[in-house]
Structures are given as structure tokens and as C-alpha cells.
Amino acid sequence: MGKIILAKTAGFCFGVDNAVKLAFRTLIESPDNTYTLGEIIHNRQVLERLGNEGIKVIQSPSQLEGSEHVVIRAHGIGEDVYKELINRNAVIHDATCPYVKRIHNLVRQKYADRCTIIIVGDKNHPEVIGINGWCENKAYVVSSTEEVEALPDFPNCVCVFAQTTMKPEKYDEIYEFIKKKFAITMKFDTICSATEKRQREAREISGTVDMMIVIGGSNSSNTQKLYEICSENCPLTYKIETVAELPPLDIKNINTIGITAGASTPDWVIKEVIETMEEIMNKQENEMSFKEAFEESEVNSLRAGEVVKGRIIGYNTSEVFVDLGYKADGTISMEEFLDDPDFDPEKDLKEGDEILAYIIKVNDGEGNVSLSKKRVDLILGMEEIEEAFNEKKPLEAVVKEVVNGGVVASYKGIRVFIPASQVSDRFVKDLNEFLNKKVKFEILEMSKNKRRVVGSCKSVLEKEKAEKLEEFWNNVEVGKEYTGTVKSLTNFGAFVDLGAVDGLVHISELSWKKINKPSEVLKVGQEVTVKILGFDKEKQKVSLGYKKPEDNPWYNIEQKYSVGDVVEGKIIRLVPFGAFVELEEGVEGLVHISQISNVHLAKPDEVLSVGQVVKMKVLEVNPELKKISLSIREVEPIDPERSSDDSAEAKQDDTPTTHVEEMKTTIADIIKE
């Protein structure tokens, strides 16, 4: 009696399914102006169907004229290609697989940290080319231990990434060579978990069947790896792209046939292969079709309309499989899980997790029990809404629609209307900014028949702000540091949002240097660390400091300038009793008139001029008073007669200025200096 075993992971993976669906949706939106950058997936049948519908394939953004709709394939692209698409005003529809996108982010981050990037994979594969584009195409791509040996020595940290479809055993083998060759290495497990499951299942099935069929595109990397795995366990393994490529088969002595498919293989291709194999097997006496094998299961103890508890045993792009403790497994459509924007199948569909489901049909026509998660959610959701209404407890849901007068959020399938005045605690000009985003709300009212539920986000936000405000005033103290966001800038300072209150950083507290306006230091939206300088709870005022002690040019000044050091500086100001010299930006010292020359001077400008660079000895350093006393005389005493020509020339250039300064100098000015 023959039997067909179909891998549950066969066919489109999550990323490929998303890419194909996005391509068709974009085609509906722009039927005459939709392109894909490269082949969206490695499957000729899908590409032909897209082409027949009107989608065109380009290989480079340079082929665009502007304003075209461009779908980025699941393999992803490099950062420079993104920028080129933007520069050409393309409308980008990004279908990059989330697993590949994660590698892009990691590679960019580690490359920015000055790490050397090594990618284990096929250098000609579009996924690898795209990953390399996030480190300025400076990654080293290897696919064997021999290529690792040929790599040069790297002085910095080496970060290793894998192509998502790489066989885990191969990746581990190559990484061991990399680890031996380089002193500091970091390994990132970037093989797609769906790929690992697909390969693991192929290995398990191929080890138990008499013949194995692997379906997938001829240039599909993950299909080729499935074929290699199956061939190791089952000598009679065939790789085909469509049913037409099935070779003549003599299956008289074959009892079990396994079927799996690559991530780019559509369901209809798999179905054609199964139906063909069933027809061949039906010719054998006492055989049983694939469908009949499933219908042999006894499920009479289950009844439609019941809520049952099961355990998740796996999933593919279209269904989630549930073990109900019976001979037949239950199936839930993947669509029922996709309403949540934060849904991640890797985190939320773990094997072994319990799940409640509603029985729709005991036999869905293929021997499985058809289940619904949404119907259970609807029952439980209404109970939770009633409880939240009675206890004034906030709930969280996703905004699904923008309607007249407000928005509609879906809480476990139940529509909750939130009026525009209750969407936020601030005025909202365009409610579309909340579309497909999660919001917290309280139930304001419910109709008796429970058909109308009204919620408020505003009340939740106001309560949260009140709690944060109380917590802030209970814990605030002078000197405590906070992280906030610059909210606005004025001529006299910057207002910083601390989460509960706004504080003011006066312009004098923004920098140790003199600035004309706060925008020279900060910008709106910038995240900053500030320190509490003072506060008034009754007036709800908070004074903040931004400048740091270590940025003060006088910070640890005694470590830079010691008594007896010979230093160089520029004269910036002359006064009757001496000269002020700039040693560095923000640090000035005074050369008293008695420390300029060995002879008596009536005034400093007899021998010195503004802008002149001089050498001096440090006589005294007083950090508290910000005072440094200097002496020119002890290094290079200036002779009035020897410098008369230079002084005369300087005086000639500066006569008006010097004269005005002399005329305006008062005793008070001298004391102040």
C-alpha cells in the first residue's frame, strides 16, 4: 500500500509569500507602472504569471525614468541601491524578507564599529550581494574552508554572517576555520529558522521513504540545498521545477514517497505534483490515494462549534498546524494571526505552545480539522471588554480604520470606536497617523446589546501623565541627571521634555563658550542628558543645566599649566596695568606691566600690541578664581628701544582704537579687570 508524505514546510516561506502578495497588490494600485528590481523570487512559473499581469523586471535603477512603483524582492538590496531609487523618485514597495533585513542592520552596525565583515555564502547570490551593500561592498565572501585560508590577516574584530539558506552544518564547519585563523571573531546565527526547519524536515522524511521528490526553481539556492540533503538519505531523489519534469517512474516496489519544495515554489505547482503522483499510485492494486490516507483518521469524537485546546506543532505560510490529541491534526489559517502588526511567527508560534481554537469543520475535505482562532478571540475579547469597562482597566488594540469623527480599533475582532476628541491628549490634524498602530484605551460606554463599544485614549494618556508627574516630583532633586528631548528653542534657552514635565536650559547653561543663540548647540528633537539645577513644585518650573564640568576650559587647568612652565599665547587685550593673553580658547592669563620688561614702562602698548604672540613663564595658577599670572620678563624681556620700530608701526595702525580705549578707561574698569 503506497503512501505520500508531504512536508508541512513545503512551498512559499513567509518572506517569499509576502513578496509575491505585495507584487500583486502593487500591480492593482499601479497596473501600468509597476516594476520589480530583479526577479522577485527564483520561480519561473510565478515570474511568468506576474509578467502576464503586466509587471516588468528591471536589473538596475538606471532603467527608471522617475515615479515608477518598484517592488524590492525578498532577497533585499544594498544601501546604495536604495539611495539611487530614492534619487530617481521611485515609489518603493519593500518586500525584503525580515530575516534578511535583520542581517542588513547587523552588518551596517558592525561595519560602523570598524569590524571586518565575512559573509559565508554564494558571492553571486542576490541576497549576499544585497548584504554586502550595507558595508560599502567591503565584506569578504567565502563558501569553503579553502577560501578562508586564502583570506589576509585582519587586525580588528571579525564578524561572521551566513546567507539565510546556508546549511547549518556547513556554516559551523567554515566558522571553525575562521575562528582558528583570526584572534577575535563574532558569529551571528543568521540562517533563517524557517530554512532550518525545512531542511530538518527534509532530512527526517528522506530518511524514511523509498523515493523523494524536491520541487523548486532550477536557480533556487534553498531548493538545491534541499536536494543535496535528501540525496544523502535517499538515493532515489529527483529535483524538478514542474510536474512536466517528472521522469518515467516504476513505483511497483515503492511504498512511500516523500515530497518537499523550496521556499519559492507556489502551492499550485506542489498540488499538480501530488495529484500526478496519486494518479500513478492509483494504478497499483490495493493502493490508497494521499487524500484517502488522511480520511482514514477517526475524528468522530470532535464536533463543530466546540472550543478545544491543542498544541502548536508547526506552520507554513498559509496554515498553522495544531495537535488536538487525536489522529487528525487541526489547521488554522495564517491570515487569522496577521491582524497584529507585531506578530512574529518565530516568537508567537513556538512548537509545544498551547492554543485555544474553535472547531469549524471536523473534516475539511483533506482529513484535517478546520479551526478558527478568531472566533475564540471574539468570545474571550467581549468578556475582557466587559471586565475592562467595569474596572476602568486600559486595553490595547490596533487602529484598523479612519472614519468620520474618529477611528475604529479592533480588539480581538471586536470593533471599538474612538472619537477624534478622544484619540489623543493633543490636537490631531490627520487621524491617519494612527492607522495600523497600537493604541491604549479605556472603555467609555457599551450598548446593552454590546454592538457598540466606545473607547478613549485621551483618558489613559492623562492618567499616565499624572502618574509620571507625581513620580517626578516625588523623586526630583538638585544634581540628578535626566535624559530628555529638546522640545523647542527660544532666544533665551531650550525647553527639554523630561517625560513628565518640561524644563528650561538657560542659554548661559548650554555652553562654556559664548553663544549667540541656542541653535548653535542644540536642535529640536535631539536627545540630551541634563542636570537639575533648581525646581519649584508649586510653579511647576524646572531649571536645567546642559554644559558639563569636563567641557569647561578651566577644568583641571592646573594639570595643563604649572608654575615655572614656559608657554605661548596671543595678546588679546591691553589695559593700563598689563596685558591679557589667550593661552587657548576660553583660557586667559594676565601679564602684569611689571612682568613685561626689565625697564620701567608707562603703559604696555609701548612694547606690545594686540594680536602679538609672546612666550611667557607661568607664575601662579588659581583655578577657583580662574586666574593665571604670567611673566614675559623672565623668558624674553622686551627692550623698549629695541622694539621701538615695531611698536611705532603697531601704534600707527592702532592709534584710533588705543586712544579711544584710553579715553574710556575708568578706575572702575581697572578694578573690574
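What is the helix-to-structure angle for 193-206, meaning the angle in degrees between its Cα long axis and the longest Cα principal axis of the chain, kept from 0 to 90 and rounded to the nearest 10?
Tilt of helix 193-206: around 30 degrees.
So in the chain, what percent of DSSP beta bridges are antiparallel if you round to the nearest 5? Spell out each step's value before the answer.
Working: 76 of 119 bridges.
Percent antiparallel among DSSP bridges in the chain is about 65.
Please report E39, E620 as a ranked list, fewest other C-beta atoms within 10 angstrom at the top and most at the bottom.
Values: E39 19, E620 14.
The most exposed by this proxy come first: E620, E39.
Kindly flag which residue pairs out of K271/K309; K437/K539; K347/K392 have an alpha-carbon separation exceeding 32 Å in this structure. Kindly include the intermediate steps, with their values, before the conclusion.
Working: K271/K309 30 Å; K437/K539 36 Å; K347/K392 30 Å.
Beyond 32 Å between Cα atoms: K437/K539.
Sum -39500 (n - 2.57) across every DSSP H segment of at least 4 residues in the chain, then divide by the residue count to get the 222 nm mean residue ellipticity, nearest 500. Walk me through the numbers on the way to the answer.
Working: 17 runs with 196 residues, N = 673.
Mean residue ellipticity, 222 nm, calculated: -9000 deg cm²/dmol.
With the calculation restricted to Cα positions, what are the radius of gyration and Dmax of region 203-247 in angstrom?
Just the Cα atoms of region 203-247 yield Rg and Dmax of 10.0, 27 Å.
What number do you get for region 1-54 when its Cα radius of gyration is normalised by 2.2 N^0.38 Å, N = residues? Kindly include the intermediate steps, with their values, before the conclusion.
On the way: Rg = 14.7 Å, N = 54, 2.2 N^0.38 = 10.0 Å.
Relative to the 2.2 N^0.38 Å estimate, region 1-54 comes out at 1.47.
Among 621-634, 478-491, how do they line up from the highest to the lowest mean number of other beta-carbon atoms within 10 Å?
Order by mean packing, descending: 621-634, 478-491.
Based on the mean of other beta carbon atoms within 10 Å per residue, what is the order of 303-312, 182-191, most packed first?
182-191, 303-312
Compute the distribution of all C-alpha to C-alpha distances in region 476-551, in bins of 5 Å from 0, and list the percent of pairs in each, rounded to whole numbers.
Answer for region 476-551: a P(r) of 3, 18, 31, 27, 16, 5, 1 percent.
Quick one: Karplus J couplings for region 407-412, per residue in order, coefficients 6.51, -1.76, 1.60, θ = phi - 60°, nearest Hz, x for Gly and Pro?
10, 10, 9, 10, 9, 6
Can you grab the distance from the C-alpha centre of region 460-491 to the C-alpha centre of region 333-352, Å, no decimals?
37 Å
Pull out a ≥ b ≥ c, the square roots of the eigenvalues of the alpha-carbon gyration tensor of region 380-452, then state rounded if a/c is under 1.5, prolate if not and a/b is larger than b/c, and oblate in the remaining case. Can you show the working numbers first?
Numbers: a/c = 1.80, a/b = 1.70, b/c = 1.06.
Cα axes put region 380-452 in the prolate bin.
What shape does region 14-98 have by the C-alpha gyration tensor, where a ≥ b ≥ c are the square roots of the eigenvalues, rounded means a/c under 1.5, and otherwise prolate means a/b greater than b/c and oblate the rest?
It comes out oblate by the Cα gyration axes.
Hey, what angle do you get for helix 374-391 against the long axis of the chain, alpha-carbon based, 0 to 90 degrees rounded to 10?
Orientation of helix 374-391: about 40 degrees from the principal axis.
How long, wide and thick is region 99-191, going by the Cα atoms along their three principal axes, in whole angstroms, largest first?
So the three principal-axis extents are 29, 28, 20 Å.
Find the Cα radius of gyration of region 399-538, compare it with 2.2 N^0.38 Å by division, and give the number to two decimals.
1.40
Mind checking the log10 I(q)/I(0) for region 140-295 at q = 0.10, 0.17, 0.20 Å⁻¹? Debye, one equal scatterer per Cα, no solvent, two decimals.
Taken in order of the listed q values, log10 I(q)/I(0) reads -0.47, -0.97, -1.22.
Neighbouring Cβ atoms within 10 Å as the yardstick, rank H75, H104 fewest first.
Values: H75 28, H104 20.
Fewest-to-most ranking of H75, H104: H104, H75.
Return an integer: the convex hull volume of the alpha-carbon atoms of region 307-372, in Å³ per residue. Write out the running numbers ahead of the final one.
Working: hull volume 5.5 nm³, N = 66.
Roughly 83 Å³ of hull volume per residue.
In percent, how large is the relative contact order of the chain, given Cα pairs closer than 8 Å and 6 or more residues apart? Walk me through the intermediate numbers first.
Numbers: 1262 pairs, mean separation 47.6, N = 673.
Normalised by residue count, the contact order of the chain is 7 percent.
Using every alpha carbon pair in the chain, what percent of pairs falls into each 20 Å bin from 0 up to the bin containing the largest distance?
Per 20 Å bin, starting at zero, the Cα-Cα P(r) for the chain comes out as 13, 30, 29, 17, 9, 3, 0 percent.
Could you please rank L22, L50, L338, placing first whichever residue has the fewest other Cβ atoms within 10 Å of its Cβ? Don't skip to the end; give the middle numbers.
On the way: L22 19, L50 22, L338 11.
Ascending Cβ contact count within 10 Å gives the list L338, L22, L50.
I need the peptides 345-352, 383-390 ranked by packing, meaning the mean over residues of other C-beta atoms within 10 angstrom, with the highest value on top.
Numbers: 345-352: 12.4, 383-390: 15.0.
Order by mean packing, descending: 383-390, 345-352.
Bear in mind that the values in this text are calculations on the coordinates, not laboratory data. Small disclaimer: the values here were computed from a predicted structure and weren't measured. FYI the Cβ positions are ideal-geometry reconstructions off the backbone, even for glycines, and counts take in every protein chain you see.
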